[in-house]
Structure formats: structure tokens, C-alpha cells
Amino acid sequence: MDSPLETFPLFMVGPESFAVPIMASVVVTWAIMAVLVLGAALLTRRLTMVPSRAQATAELLVGTVDQQIRDVTGAAPAPYRAFVGTLFLFILIANWSSLIPGVTPPTATMETPAALAAIVFLSIIFFGIRGGGVGGFLRGFALPNPVMIPLNMLESITRSFSMFVRLFGNVMSGVFVIAIVGSLAALLVPIPLMVLDLLTGAVQAYIFAVLSMVFITSAVEKGKPQTAPETKES
Amino acid sequence: MDYVNIVSIFCAAFAVSFGALGPALAEGRAVAAAMDAIARQPEAANTISRTLFVGLAMIETTAIYCLVIALLLLFANPMMP
């Protein structure tokens, strides 16, 4: 059985000496990106006041994302809607792409979850700096007191790493179990496991989005100038 | 069979089995507490179940870590010839 921790190139691109290996997960990722971008472009091309059925579905989706952001963090959803919503939709479709026969979800290989976690790590810095400036963002590391600076810096790395391992481990273990069961009894037996995989995939996509949202808002909140304690001291 | 292979396979099995114990107990306690809370306050069921799902996934991560370690031992063991 192939190791789930390795990936093998699907084909090579470019001249003989500089051939770039293209992994299957990259092809699936680009296909999902094309589906998302084309779908969004087609849906928003003719927006009307009285929505059609497709537009109503899209509005319901955006409204749900907004409501979840508001419920989970209490922040206004507008600055984060695009990033978190896209993250959720991409991971959801990537996890569910295992339904298509012959497609391994890109989140079941190591690179895609690592890249997503790296994007979240960078976006925490981006939103933190945008919310409180460079000084405010850096001051957030010294909370609640300066002794915590090394621990806070370590935590900002380990939480991204744990997001990576969580997404990768969950999706990969689902695919791996289905592969093992399928090699023992391929007819109808893996179907309950596939249903469980759908649930896991949806929950993991939700959790990835919620956790990135929580980390971003905590960085923004910490970076805000604190007026209340200063007035208390003076 | 090499000595390293036998030890790796045993350790992989031990990692998964003992790594599953703690999260299983913890998830049981978390679900029980959430059920209790929903029974007391049915109107807060939405918030509680959402928080429960996030918490369960975070607890489950420890078991997933053990699984990754086991797979590393089996498939990417640096000691294995």
C-alpha cells in the first residue's frame, strides 16, 4: 500500500532538464479553484432585486457565513467575509471531492493543509497589523505581561501547526481507512465510512474557518489601544 | 524480520491504542456535559452544540496526532533500513 505521507508526481511539465513535477493534488486544487471562481462569476453576473433560485442560494450562503462570524466572534463580518468564507468553501469542496471516483482530496496530502495553515498564519499577522498597527500588533504579544512574550510567539506558530495537522490527519485518516476497507471488501462496505467522511469533512472545514476567525479577531482585539486600564491607573 | 521493524510496528499500535484512550474519555465527558447543559437550557442548544462540535474536534486532534505518529513510524521511519 502506498504511504499516505508521500506524494507522487502525476506528470512533468517543461523541458527535459527543468521538468517541474505536477502532483495530482495540485491538479485537483486548480480544478476546485476554477469551479469556485467560475461559479461565483456566473452567479454574480446578473444580480437582481428579486433573486432567482441560484441567487437566493448564494445569498443564503453569504448570509450564513456572516451570521456565523457574528455569532462566533461578535465582530462585524465585512472585513473577514471574503477570506473566511473562501477558506470554508474551498476546504469543504476539497474534502467532499473524494466522492468523485479516482479523486484524492487535496487536503489528504500534506502540502495543501500546510499551505492553508501558512495562509492563516500570515493573515493573522495581516489583520492584526491592519487592526492595531505594527506597534499594537507587537504589543499584543506582551499580554497579559511581558514574561509571556516567548510563550505567545511559540503559541502563534504551534496553533497554525496544529491546524495543519488537524486538517491533514482527519481527512487523510478518512481516505486511508476507506482505502484499507476497500481493499478488503470493495462492494458497498465502504459506503457508511464514506458518509462518515462527509460529516468529518464538513465539520473540519467549519472548524478550520472558525479557528482562523477566532485567531484573527483575537489578534485584532489585542492590538486595539486599551483605554480602560490606562484611565484606571491615572 | 529486522528488530527495528518489529519495534516500530508494536510502537505504532501502542501509540494509536493508548492515544485513543484519553480523547475517548474526554469526548465522553464533553458530550455528557453538553447534554446536561442542553437539558437545563434548551433555548441555548444552538450555541452549545456549535461550541461542542469545535471542542470535540480539538479533543479529537490529540488522537489524530497519535495516528500521524503511528503512520510516521510505519511509513517514514528514519531508523528503518
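The values are calculated or read from the model by the stated rules, or taken from the named source; none is laboratory data. Quantities reported herein were computed from a predicted structural model and do not represent experimental measurements. Using ideal geometry, Cβ is built from the backbone for each residue, glycine included, and neighbour counts are taken over all protein chains shown.
So the values come out like this:
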| read-out | value |
| --- | --- |
| Boolean, B:Thr47 is of a type in the set (Ser, Thr, Tyr) and without any contact (Cβ under 8 Å) to a residue 24 or more places away in the chain | yes |
| Verdict on A:Ile22 being of a type outside the set (S, T, N, Q) and in contact with a helix residue (DSSP H, G or I) (Cβ under 6 Å, 6 or more places away or on another chain) | no |
| Any chance A:Val50 is surrounded by 10 or more Cβ atoms within 10 Å (Cβ to Cβ) and of a type in the set (Val, Ile, Thr) | no |
| Out of A:Val37, A:Val28, A:Val84, A:Val62, sole residue that is more than 30 Å from A:Gly182 (Cβ to Cβ), modelled with pLDDT of 85 or more and touching a Ser or Thr at 6+ places or on another chain (Cβ under 8 Å) | A:Val84 |
| Residue list for segment A:182-204, restricted to those being closer than 17 Å to A:Val103 by Cα and surrounded by 14 or more Cβ atoms within 10 Å (Cβ to Cβ) | A:Gly182, A:Pro190, A:Leu193, A:Met194, A:Asp197, A:Leu198, A:Gly201 |
| Check on B:Ala33, without any contact (Cβ under 8 Å) to a residue 12 or more places away in the chain, over 21 Å from A:Leu167 (Cα atoms), surrounded by 13 or more Cβ atoms within 10 Å (Cβ to Cβ) and within 21 Å of the chain's Cα centre (by Cα) | yes |
| Every pair of residues 6+ apart whose Cβ atoms lie under 7 Å, when the first sits in segment A:196-211 and is at the interface with chain B (Cβ under 8 Å from one of its Cβ atoms) while the second is of a type in the set (Gly, Ala, Ser) | A:Val203/B:Ala57; A:Gln204/B:Ala57; A:Ile207/B:Ala57 |
| Complete set of residues in segment B:3-36 that are within 25 Å of B:Asn77 (Cα to Cα) and either in contact with a Gly (Cβ under 7 Å, 6 or more places away or on another chain) or not in a helix (DSSP H, G or I) (or both) | none |
| When residues of segment A:68-82 are limited to those that are within 14 Å of chain B (Cβ to nearest Cβ) and in a helix (DSSP H, G or I), the one surrounded by the most Cβ atoms within 10 Å (Cβ to Cβ) | A:Ile69 |
| Of residues in segment A:1-23 being aliphatic (A, V, I, L, M) and touching a residue at least 60 places away in the same chain (Cβ under 8 Å), the one farthest from the other protein chains (Cβ to nearest Cβ) | A:Met23 |
| Looking only at segment B:50-81, and only at residues there that are more than 8 Å from every other protein chain (Cβ to nearest Cβ) and surrounded by fewer than 14 Cβ atoms within 10 Å (Cβ to Cβ), the one that is farthest from A:Arg159 (Cα to Cα) | B:Pro81 |
